[in-house]
1. With respect to the numbered conditions (1) modelled with pLDDT under 90; (2) open to solvent by 20 Å² or more (accessible area, probe 1.4 Å); (3) more than 16 Å from residue 96 (Cα to Cα); (4) touching a helix residue (DSSP H, G or I) at 6+ places or on another chain (Cβ under 8 Å), which one is the sole condition not fulfilled by residue 139?
2. Can you tell me which of 56, 17, 32 is closer than 19 Å to residue 76 by Cα, part of a helix (DSSP H, G or I) and at pLDDT 95 or above?
3. Quickly run through segment 185-215 and pick out the residues that are of a type in the set (S, T, N, Q) and in contact with a helix residue (DSSP H, G or I) (Cβ under 8 Å, 6 or more places away or on another chain).
4. Looking at 48, 83, can you tell me which residue is outside any strand (DSSP E or B) and under 17 Å from residue 233 (Cβ atoms)?
5. How many residues, within segment 133-149, are more than 22 Å from residue 81 (Cβ to Cβ) and either of a type in the set (Asp, Glu) or part of a helix (DSSP H, G or I) (or both)?
6. Criterion first (under 21 Å from residue 198 (Cα atoms) and touching a Gly at 6+ places or on another chain (Cβ under 9 Å)) does residue 17 satisfy it?
7. Starting from segment 168-183, take each residue that is outside any loop (DSSP other than H, G, I, E, B) and list its partners that are of a type outside the set (A, V, I, L, M) and open to solvent by 20 Å² or more (accessible area, probe 1.4 Å), counting only C-beta distances under 7 angstrom and pairs at least six apart or across chains.
8. Note down all Cβ pairs under 6 Å where the first residue falls in segment 9-28 and is at positive phi, the second is open to solvent by 20 Å² or more (accessible area, probe 1.4 Å) and part of a strand (DSSP E or B), and they're at least six residues apart or on different chains.
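The values are calculated or read from the model by the stated rules, or taken from the named source; none is laboratory data. This one's a predicted model, so the numbers in the text were calculated from it and none came from an experiment. A quick note on method: Cβ atoms are made from the backbone with ideal geometry, for glycine too, and the neighbour counts reach across all protein chains shown. Accessible surface areas use protein heavy atoms only, side chains included; no ligands, DNA or RNA. Shrake-Rupley method; radii C 1.70, N 1.55, O 1.52, S 1.80 Å.
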Amino acid sequence: MTSQVESQGFAVETNNIFKSYGSVRALKGVSITAKAGEVTSIIGDNGAGKSTLIKIIAGVEKADEGTVEIFGEPVSFHSPEAAREAGIETVYQTLGLIEDLTIWQNLFLKRELMIGIPPFRILNKRVMRNEAVRMLSELDVHIPSVKARVRGLSGGQRQAVAISRAAGWSSQVVIMDEPTAALGVRETAKVEELIERLKARGLAVIVISHNFDQVLRLSEQIWVMRQGNVITGMRASDTSGDELVSLITGATQARA
């Protein structure tokens, strides 16, 4: 494995991560890094281990061996909630939105603000609605009303809500799994704009994508995975779509 990135200042660093499911070895000693203020892409064919790796970073799974460091501090998350408390938010392909709830309710799901003295506490709806407007406006997300139900939103609007939720909670790291897989050209462009805004705010953004044109447009760093291993890492400016395809398929050997 090789890398063109500097060896310091990483927001996320995985070191020699192993993970097996029974006799299936999903990860075989995976080490990657991601910097704050950059988009880091992880690419590879289906079954390469990409999703398993981000689930370990996000606290969904525990590694059998190896360590994860966040800004140089070793962490071991027992749940996704623990990872979120450490500033790691993940936007999965399923988005995790509740269709029959409003936008503001989705943004505050499991983080509801209360008012009053126990046991006489109620939801502070006014503050949550105002905060929801602020969260969306910070990323320049244009949605008619935070009182609208998610069911009535387009695919791009839903993705924008999920990204705004991830970015709106003092996050340091935002992980996105195929953020534009089911979107059209215009909605894809809007989501890519949101990703650029996250980067401009100094967040570390980790993206899994099969869209190599998108990877090259958005990324500073790319890690290539195959069969549970990291084959190579390189700066996006130093590679091409053809080379990425060849590395994934094994037609080209990893750089020395």
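1. (2)
2. 56
3. 188, 209, 214
4. Criteria check complete, one pass: 48.
5. The total comes to 6.
6. Spelling it out, it is not the case that residue 17 is under 21 Å from residue 198 (Cα atoms) and touching a Gly at 6+ places or on another chain (Cβ under 9 Å).
7. 175/90; 177/51; 177/92; 177/93
8. Going by the 6 Å Cβ cut-off, the qualifying pairs are 16/29; 16/31; 16/66.
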